[in-house]
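Notes follow once the structure below has been shown.
Nothing in this text is a laboratory measurement; each read-out follows from the coordinates by a stated rule. What you are looking at is a predicted structure, and each value in this text was computed from that prediction instead of being measured. Cβ sites come from the backbone with ideal geometry, for glycine too, and all protein chains shown count toward neighbours.
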Amino acid sequence: MLHFAYDGSIHGDWVARYAMQMATRLPEPGLRVLHVEDGQLTDAALEGGLARIEAECASRGLPYELVVQPARSSVAATLLRLVPPSPDEYLVCGTRARHKSRGFLAGTVSQRLLREGACRVLSLRVMQPGLLGGPRSFLVPVSGRPEGIRVGLPFLRLLVPEAAEVQVLLVRRMNRPQFLRMSHAEAARLIQRGQDYVVGIEQSLNVELGLPLRRLDAIVVPSDDLPKEIIIQANKVKAEMIYMGASIRSLRPRSVYGSPIEQVLRSAPCDVAIYGTPS
């Protein structure tokens, strides 16, 4: 069963579409909606949102369970107690809808769930509610680490069954002086080494997701600005979702505001999904 942390907001309603889509694709479909009472919503607003989710689950034939609890020490701590600590459990939550001066992820319940959750956690910022939780073109930035996209595969399997295109992006990062001094030949060598890596990622996705290679493509670019390059490529390939990982280190309270993830969330032209990865 997939757990969904619902806050009762309009953005939460949009994230719910994703949660329902993914829950129907589990080997044993089911959605468990978790709401922690924090005094921010009227009963009428909450009941209206929950009724819409329950009706949509009924129309899909999706098993539905609702758990409402008052916050104890904090909303995040209460949610963490409600979800079994297992990699076989999936928890979906949302970022802030508007960052104002605080950031989309910094200081949120989602940040803590990604950082501390012992289950699989996915945090979503929805920019295109009209997609109804069903994007068809994905940009998947990868880090170049040996494990590749392996950590992100469980949620990706639930997101891409109807995908028309999945673009894997490897940004070969360097500092600005190196980037400015780099010759064409050096750039070509850097890109070729990156291509060798992303070919393996493509093959892994082909096997693990069952997507034909004609729906997979890879992009390798050198850059001194990772977030900027992700946004450029998302616009270029007309991605409907950016799917990227966040390391435990990048989710520490002192580093999350202004981090590459926060910059992508701030400037993305499409929906963004953030999954947790080991540090």
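Annotation: the residues 184, 3, sorted from fewest to most other C-beta atoms within 10 Å of their own C-beta, follow the order 184, 3.
Would you work out the charge dipole size for the chain about its Cα centre, treating the Cβ of every Lys and Arg as +1 and the Cβ of every Asp and Glu as -1, and quote it to the nearest 20 debye? Once rounded to the nearest 20, the dipole reads 1020 debye. With the simple model of a label 7 Å out from the Cα in the direction of the Cβ, residue 58 to residue 162 spans 2.3 nm. Using equal-weight Cα scatterers in the Debye expression, the normalised intensity of segment 1-150 in log10 at q = 0.16, 0.17, 0.20 Å⁻¹ is -0.92, -1.05, -1.46. Compared with the dominant principal axis of the Cα atoms in the chain, helix 184-209 is inclined by about 40°.
Placing pseudo-labels 7 Å out from each Cα toward the beta carbon at residue 187 and residue 98 gives an inter-label distance of 4.0 nm.
Ranked for footprinting exposure by Cβ neighbours inside 10 Å, fewest first, 102, 112 give 102, 112.
Between residue 116 and residue 235, the modelled labels are 3.8 nm apart [label points 7 Å from Cα along Cα→Cβ].
Comparing 181, 52, 172 in a Gaussian network model of the chain (Cα springs below 10 Å), the most mobile by mean-square fluctuation is 181. Computed over the chain, the per-residue total of -39500 (n - 2.57) for DSSP H runs of n ≥ 4 gives a 222 nm mean residue ellipticity of -12000 deg cm²/dmol, rounded to 500. In a fully extended conformation the segment linking residue 71 and residue 217 would gain 48.1 nm over its present Cα-Cα distance, using 0.36 nm per residue.
Springs join every pair of Cα atoms under 10 Å in this Gaussian network model of the chain, and among 23, 71, 106 the largest mean-square fluctuation is at 71.
Panel order for 191, 261, by other beta carbons found within 10 Å of each beta carbon, from fewest to most: 191, 261. Sorting the Cα pairs of segment 119-201 by distance into bins of 5 Å, from 0 upward, gives 3, 11, 18, 19, 16, 12, 10, 8, 3, 0 percent per bin. The magnitude of the dipole of segment 1-137, with charges of +1 and -1 set on the Cβ of Lys/Arg and Asp/Glu and taken from the Cα centre, is near 660 debye. Look at the dipole of the chain built from charges on Cβ: of 152, 184, 237, the Cα furthest out on the positive end belongs to 184.
The tail of the calculated P(r) for the chain beyond 37 Å holds 13 percent of all Cα-Cα pairs.
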